[in-house]
Each structure stands twice: as structure tokens, then as C-alpha cells.
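The values are calculated or read from the model by the stated rules, or taken from the named source; none is laboratory data. What you see is a predicted model, and the numbers here were worked out from it, not measured in a lab. Here the Cβ is made from the backbone with ideal geometry for all residues, glycine too, and neighbour counts use every protein chain on show.
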Amino acid sequence: MRDRVSDALVEKLSEFVSSEIGLFFPRERWGDLERGIGHAAQDWGFEDKTSCIQWLLSTPLSEDHLETLIGRLTIGETYFFRDKKTLQALEDLILPGLIRLRRGKEAMLRIWSAGCCTGEEPYSIAMIVDRMIPCLRDWNIRILGSDINGGFLEKAKRGVYTKWSFRHAPPWVMGEYFTTVGKDRFEISQSIKSMVEFRQLNLMKDSYPSPDSGILEMDVIFCRNVLMYFSTDSGSLVVSHLFESLAEEGWLIVSPSEVAYVAHPDLRSVRFPGAFLFRKKRADDDIEEDAGENHAAPKEDPCMDVLALYNEGRYEAVVERITEVLSQASGSNSTSNPGFLALLAKAYANQGKLDEARKWCERAIEEDRSYPGHYYLTATVCQEQGRFDESRKFLNQALYLDQGFVLAHFLLGHLARIQGKSKQSRKHLKNALDLLVCMGPGEILPYSDGMIAAKMAEMIQTMIREEHHA
Ligand SMILES: C[S@@+](CC[C@H](N)C(=O)[O-])C[C@H]1O[C@@H](n2cnc3c(N)ncnc32)[C@H](O)[C@@H]1O
């Protein structure tokens, strides 16, 4: 439809869409709004956009019309494992803490992907949970995906995707969790599908938290690439509802361009490289600060500064900072974050203080026995100490928890090699190579400090060649 709609009419339409549906179209997005309404006008049999808009503004909307309008005005851009750094934060920082806290009598997890589009985001979360918790049966896990667009949710429930949805996903996603059901059509496994529940919800209009919809006491809320479609005021309102829907110390995750919307005094920002995380304060947290300030910008968690120090190679400062945090925590009787304990171990190891490193590795394992990275770290320290048998034992424990742990296979191969066991070494290195061929060359190896798959493959091939010529 090519008719030109007057600016005055587009402005009225934009106000109508904002007040009736909660979708925000500022002047810069009027082009999108016109395009969307053009498609809706065709769906409804109008000859031109202007008469469609005039009709829309003067008629009460039926559910069907509303659904069509939402379908035509929302953007369904998403894919599996979008923004890997954020999902890494879920895997390395958020879930280990929650799993440790909840394991046992209160073994439950509540995760919400708000604005989940066609389901790629909540299914990616489910895959991470599935990989991290070996005995899912013992857990009560609820992963909720919600969106305003019912058509997107239908697609999410079917769980059938084309290659386009995997454009940035690590290869194991397709390999482990999908079956081919047609030309360029892949269906998600029933086990992952059954972990996610979908529900239509308009973040601007519907009421939440609400016990009826089960939206309350969420441990983690993902609301990524959604807030940016709202005005600043509407976005802040949505953030305050999301905040109310969080459990104490629950996490809110947004995309980098949406950080400005999150200015809630009781949400503190937590730094994790490449991710934007906010955490709900405990009721007894920072009381005196709250009393003085109204709507201050979110505060950064001082503990996360150590990651920056570590990345700068300032290991002594890391030790000093974490030791200080741990002594404060022991005064308050709270348990320690296993990620920090592991970081402390690494900082000691990098200074050659292997006995200290070993002690903190074991503390990290004690705090979180289900995280394979802690066993690997301990194995590397044992290896440095020349305790090869112990190192092998820890590597086997890591592999018990995650068979796809490339670095653990590699280190087993290396250990066998330095002990002159060529055949065993080749077997372990081949296992690592087999896993690497399923990864993209630039993909970062899990539990590594940034090593990419191509580099690791090259190292292994050199080792195998050297072995051959020896
Ligand atoms: C670009 S997608 C983001 C999908 C996913 N979160 C991601 O990051 O890959 C934005 C989603 O927000 C949804 N959305 C927009 N306005 C909404 C509202 N008022 N309530 C609920 N969902 C909304 C859209 O339907 C769309 O599916």
C-alpha cells in the first residue's frame, strides 16, 4: 500500500498503539509503524492505510483485531544462544550459586524469559540448566517464556526451527537437542520442550507479579531486547514490575542498550565481562544508604571488581580483595560464592603459590560440587605440583559431570604424554579433537580463560604430529 499517511494521523496512531497495546513508536520509528499498519490493513481488506487507521481509531478493537495488530507491529528477531557472554554469566556465576543454595530440600529454580519471541531464548536457558544439573528429576524447575504476540508463542510451542535460528549457536546445540524433521526444519527434543512453559503476557498492560500466572518469586528474569521498544517512562514502569516479580537476591538481565532503563534503588548492578546483570538487594542490605537516597543509579557490586583486577593480571590485589570480602562474609556467617573461591585459587596459582591455590580449589569444590570447572582447576594445580595421579582423578571427575569438557580431555592427553603413555595420550587427544570439530573455529572453549577452538585444535594436532615423529 503506497498511500501517504499524514504525520498528524501517524502521531494519533502512535498514541493509540501506546495507550491501547503498550507498544512504543517514537517519531524515529514511524516508518516501522506505517509498514506494520499497511500489512494489517491488507489483512483486514482495506484499500489504503489512511482509511484503516481512521477505522481503527474510531472502533472498539476485538480480540482478533488486537492479535493481528500485535502480530504486525512486533519484531521477531531472536536466535539460539543470542549474546553468549550473558549466557556464560548464567552458567558461570548465577546458576552455580543458585544450585548450591537450593540443592537438597528446596531444590527449585524459577527463570522467566519476558519477551521471549519464538522461544529460542527460554529454550537456550533450558539447555544450559539441563547441562548443569545432572539429576533434573530431583529438581522442581520452572522456565517461563512470555510474549505479547500469540503467533510467536504458537511457534515457540511447536519448537520447530530453521537453520537461521542457529546462526550463532554452538554446534552442540543442534547436535544434542534437535532432530531433523524436514528440509531445513529441526525440532527441539521433548526433554527440553517439557522444561519450558509459554504464556501470553503484555508487559505494559497485564498485571504481574501475580500468583495466578505463577509470575512471582523469580530467581532470574531475562528481559533482553524488549525494553528498548518502550518509552523511558514505560520501560521504567516495566522494570519496577519485573523487580517486584523477583525473589530476594534474584537476578534481572537486560541487553547492553537497555541498561539505562534499570534505575531502581534496590537493584544493584553486578559486573560480569560482557553481560549486564542486576541483582535485587536483600531486605536488610544497605539500609542506611537507602534511607538517604531516592532513585539513585544502580550500584555496582564491589565484589565484581576483582574480575577486572584479575583480567589485568593484578593477582596480589585479587588475593587481597577477595580475602577481605571473605573475612566480612565469615563475620556475617554467609556462605561464599564458589566463583570467587576459584578466582582466588587462580590468583594464587598465577603467583606460583600452589599450596594456597590447592586449598582454595578444594573450598570451591566444597561450595559447589556440581561445577566441572572447579575439578579442572584443581587438576591443573595438582599437575603443576607434579601430583599426576591426583590430577587425573580430578579430570575424570570433571568429565563425569561434563563429557564434552574439551580441556579436561586435552589435559588427560597431556598427562599421559609426559608419563610416556603414548597410546593413552592419543586416545584422550582424539576425544578432544572429536569435540572440537563440532565447534566453530572462533568459539571460546567452556571453562577456559578465552581460548578459542581453532587454537586448541592446532595445539593438539602439533602434539600428535610430534608424537608421530618421535
Ligand atoms: C526482539 S524480540 C527479543 C526476543 C528475545 N528476548 C531475545 O533477546 O532474543 C522482542 C520481543 O518483545 C516482544 N514484546 C514487545 N512488546 C511487548 C510487550 N508490551 N509485552 C510483551 N512482549 C513484548 C515482541 O513481541 C518480541 O517478541
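Please indicate, with yes or no, whether at least one residue in segment 10-19 is out of contact with any Leu (no Cβ under 8 Å at 6 or more places or on another chain), buried (at least 19 other Cβ atoms within 10 Å of the Cβ), part of a helix (DSSP H, G or I) and not assigned by TED's automatic domain parsing to the domain that holds Ser207. No, there is no match, as no residue in segment 10-19 is out of contact with any Leu (no Cβ under 8 Å at 6 or more places or on another chain), buried (at least 19 other Cβ atoms within 10 Å of the Cβ), part of a helix (DSSP H, G or I) and not assigned by TED's automatic domain parsing to the domain that holds Ser207.
Of the residues that make up segment 41-48, is at least one surrounded by fewer than 18 Cβ atoms within 10 Å (Cβ to Cβ), part of a helix (DSSP H, G or I) and without any contact (Cβ under 8 Å) to a residue 12 or more places away in the chain?
Of the residues in segment 41-48, the ones surrounded by fewer than 18 Cβ atoms within 10 Å (Cβ to Cβ) are 42-45, 47-48.
Cutting the leftovers down to part of a helix (DSSP H, G or I) gives us 42-43.
With the extra rule that they be without any contact (Cβ under 8 Å) to a residue 12 or more places away in the chain, the set shrinks to none.
For segment 41-48, residues surrounded by fewer than 18 Cβ atoms within 10 Å (Cβ to Cβ), part of a helix (DSSP H, G or I) and without any contact (Cβ under 8 Å) to a residue 12 or more places away in the chain: absent.
Of all positions in segment 53-71, at least one carries a residue that is within 11 Å of the ligand (Cβ to nearest atom) and either surrounded by 20 or more Cβ atoms within 10 Å (Cβ to Cβ) or not in a loop (DSSP other than H, G, I, E, B) (or both).
Once segment 190-217 is narrowed to residues that are surrounded by fewer than 17 Cβ atoms within 10 Å (Cβ to Cβ) and under 16 Å from Ala126 (Cβ atoms), the residue that is nearest to the ligand (Cβ to nearest atom) is Arg199. Within segment 20-32, being out of contact with any helix residue (DSSP H, G or I) (no Cβ under 6 Å at 6 or more places or on another chain) and part of a helix (DSSP H, G or I) holds for Glu20, Arg27, Glu28, Arg29, Gly31, Asp32. In the set (1) assigned to a strand (DSSP E or B); (2) buried (at least 22 other Cβ atoms within 10 Å of the Cβ); (3) among the hydrophobic types (A, V, I, L, M, F, W, C), Ala126 fails one condition alone, (1). A Cβ distance below 6 Å, combined with a sequence gap of six or more or placement on separate chains, defines the contacts here; from segment 193-214, residues that are in the same structural domain as Asp130 (by TED's automatic domain parsing) and in contact (Cβ under 8 Å) with a residue 12 or more places away in the chain reach residues that are within 15 Å of the ligand (Cβ to nearest atom) and in a loop (DSSP other than H, G, I, E, B) in the pairs Asn202/Gly22; Asn202/Ile148; Met204/Gly22; Lys205/Gly22; Tyr208/Ser245; Pro209/Ser245.
Select from segment 313-333 the residues that are more than 17 Å from Ala349 (Cβ to Cβ) and modelled with pLDDT of 80 or more and list them in ascending order. Once the filter is applied, which keeps residues that are more than 17 Å from Ala349 (Cβ to Cβ) and modelled with pLDDT of 80 or more, segment 313-333 yields Glu324, Leu326, Ser327. All conditions but one from (1) crowded, with 17+ Cβ neighbours inside 10 Å; (2) within 16 Å of the ligand (Cβ to nearest atom) apply to Met174; the one that does not is (2).
What tally of residues in segment 255-266 results from selecting those that are touching a Lys or Arg at 6+ places or on another chain (Cβ under 6 Å) and either away from the ligand (no atom under 16 Å from the Cβ) or assigned to a helix (DSSP H, G or I) (or both)? Break it down into steps so the answer makes sense when it comes.
As a first pass, look at segment 255-266 and keep what is touching a Lys or Arg at 6+ places or on another chain (Cβ under 6 Å): 255, 266.
When the remaining residues are screened for being either away from the ligand (no atom under 16 Å from the Cβ) or assigned to a helix (DSSP H, G or I) (or both), the result is 266.
Residues meeting the conditions: 1.
A residue that is surrounded by fewer than 18 Cβ atoms within 10 Å (Cβ to Cβ), touching a helix residue (DSSP H, G or I) at 6+ places or on another chain (Cβ under 6 Å) and among the small types (Gly, Ala, Ser) occurs nowhere in segment 155-165.
Considering every residue within segment 181-189, establish whether at least one is touching a residue at least 40 places away in the same chain (Cβ under 8 Å) and not assigned by TED's automatic domain parsing to the domain that holds Asp434. There is at least one residue in segment 181-189 that is touching a residue at least 40 places away in the same chain (Cβ under 8 Å) and not assigned by TED's automatic domain parsing to the domain that holds Asp434. One residue stands out among those in segment 104-132 that are acidic (Asp, Glu) and within 14 Å of the ligand (Cβ to nearest atom): the one that is nearest to Leu87 (Cα to Cα), which is Glu121.
Cβ separations smaller than 8 Å between residues 6+ apart or across chains give the following pairs from segment 104-123 residues that are closer than 22 Å to Glu154 by Cα and touching a residue at least 12 places away in the same chain (Cβ under 8 Å) to residues that are within 7 Å of the ligand (Cβ to nearest atom) and among the basic types (Lys, Arg): Gly115/Arg224; Glu120/Arg82; Glu121/Arg82; Glu121/Arg224.
For segment 209-224, the tally of residues that are more than 21 Å from Gly235 (Cβ to Cβ) and in a strand (DSSP E or B) stands at 1.
For segment 81-99, state whether one or more residues are more than 9 Å from the ligand (Cβ to nearest atom), within 17 Å of Ser255 (Cα to Cα) and part of a loop (DSSP other than H, G, I, E, B). Within segment 81-99 (the criterion being more than 9 Å from the ligand (Cβ to nearest atom), within 17 Å of Ser255 (Cα to Cα) and part of a loop (DSSP other than H, G, I, E, B)), the answer is yes, since at least one residue qualifies. The one condition from (1) surrounded by 14 or more Cβ atoms within 10 Å (Cβ to Cβ); (2) in contact with a helix residue (DSSP H, G or I) (Cβ under 6 Å, 6 or more places away or on another chain) that Arg426 does not meet is (2). In segment 380-406, the residues that are part of a helix (DSSP H, G or I) form Cβ pairs under 8 Å with partners that are among the acidic types (Asp, Glu), at six or more places apart or across chains, as follows: Cys382/Glu390.
For segment 235-254, a tally of residues being over 18 Å from the mean Cα position of the chain (by Cα), surrounded by 22 or more Cβ atoms within 10 Å (Cβ to Cβ) and either assigned to a strand (DSSP E or B) or among the charged types (D, E, K, R) (or both) returns 0.
Would you tally the residues in segment 1-40 being of a type in the set (A, V, I, L, M), under 18 Å from Gly71 (Cβ atoms) and without any contact (Cβ under 8 Å) to a residue 40 or more places away in the chain?
If we filter segment 1-40 for residues that are of a type in the set (A, V, I, L, M), which is where we start, we get 1, 5, 8-10, 13, 17, 21, 23, 33, 37, 40.
Now drop any that are not under 18 Å from Gly71 (Cβ atoms), which leaves 1, 13, 17, 21, 23, 33, 37, 40.
When the remaining residues are screened for being without any contact (Cβ under 8 Å) to a residue 40 or more places away in the chain, the result is 37, 40.
Total meeting the criteria: 2.
Taking the condition of being more than 18 Å from the chain's Cα centre (by Cα) and part of a loop (DSSP other than H, G, I, E, B), how many residues in segment 145-185 meet it? Going through segment 145-185 one residue at a time, the tally reaches 6.
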